[in-house]
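This report concerns only the one structure given below.
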Amino acid sequence: MPTSTATDATIEHRHHFRFHAPHRHLASAFGDDWFGVKAEAFARFFGTPTFLIGQSAVVAVWIAVNVVGLTRFDVYPFILLNLAFSLQAAYAAPLILLAQARQADRDKALTDADAQHREALAHASFERQELAAQQSAQLLELLEQNTRLTQLTQELSQHIERLTDDIHRKVVAA
């Protein structure tokens, strides 16, 4: 994302999720509509302890009611219960696959954004190293100039001292 001013660059550096922006246009294979979101939430619910305990309780009550004889709507071998499990499996499998596909899309977008972030960090680090090398070279050059100026000042001071001594001797001799 090219910037034209320093303010834009500052704002861009403060936006931590700037690498996620190129992935905003990507839609899930199943869409990001309410159906996809609800289906994914329902598929995720299948693996929770609440669902497993609730389903186990319903199955236990179903079997107990039919075995004890309180009702006879699904006698042993519990064909209606098997049919309910088959129906649940018929919907659960595609919903779980849908949830996995949506998660894979999110993971891919995050991986791409992380890769771009690492590349930006590497580029920034390289630029800082180059700047440090340039500044070190400038410091060395300034130190060399300072050394030359110090030597020149020392030579000039010695020359002034000799001239002063010569002038002093000529004034005293005259």
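So that you can scan it fast, the table gives a plain yes or no per residue for (1) part of a helix (DSSP H, G or I); (2) modelled with pLDDT under 90; (3) surrounded by 12 or more Cβ atoms within 10 Å (Cβ to Cβ):
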{"residue": "VAL65", "(1), (2), (3)": "yes, no, yes"}
{"residue": "LEU70", "(1), (2), (3)": "no, yes, no"}
{"residue": "VAL75", "(1), (2), (3)": "no, yes, yes"}
{"residue": "LEU81", "(1), (2), (3)": "yes, no, yes"}
{"residue": "LEU87", "(1), (2), (3)": "yes, no, no"}
{"residue": "ALA92", "(1), (2), (3)": "yes, yes, yes"}
{"residue": "LEU97", "(1), (2), (3)": "yes, yes, yes"}
{"residue": "ARG102", "(1), (2), (3)": "yes, yes, yes"}
{"residue": "ASP105", "(1), (2), (3)": "yes, yes, yes"}
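The residues on offer are ALA113, ALA57, and the sole one that is assigned to a helix (DSSP H, G or I), at pLDDT 85 or above and surrounded by 13 or more Cβ atoms within 10 Å (Cβ to Cβ) is ALA113. I'd like the residue in region 40-54 that is without any contact (Cβ under 8 Å) to a residue 24 or more places away in the chain, part of a helix (DSSP H, G or I) and of a type in the set (Gly, Ala, Ser) and, out of all such residues, is nearest to PRO94 (Cα to Cα). It comes out as ALA41. Being at pLDDT below 95 and either closer than 30 Å to VAL61 by Cα or among the aliphatic types (A, V, I, L, M) (or both) is the requirement here; does ALA133 meet it? Considered against the rule, which asks whether it is at pLDDT below 95 and either closer than 30 Å to VAL61 by Cα or among the aliphatic types (A, V, I, L, M) (or both), ALA133 comes out as no.
The values are calculated or read from the model by the stated rules, or taken from the named source; none is laboratory data. It should be emphasised that the depicted structure is a prediction, and the values quoted were computed from it without experimental measurement. As a convention, Cβ positions derive from the backbone with ideal geometry for all residues, glycine included, and neighbour counts pool all protein chains shown.
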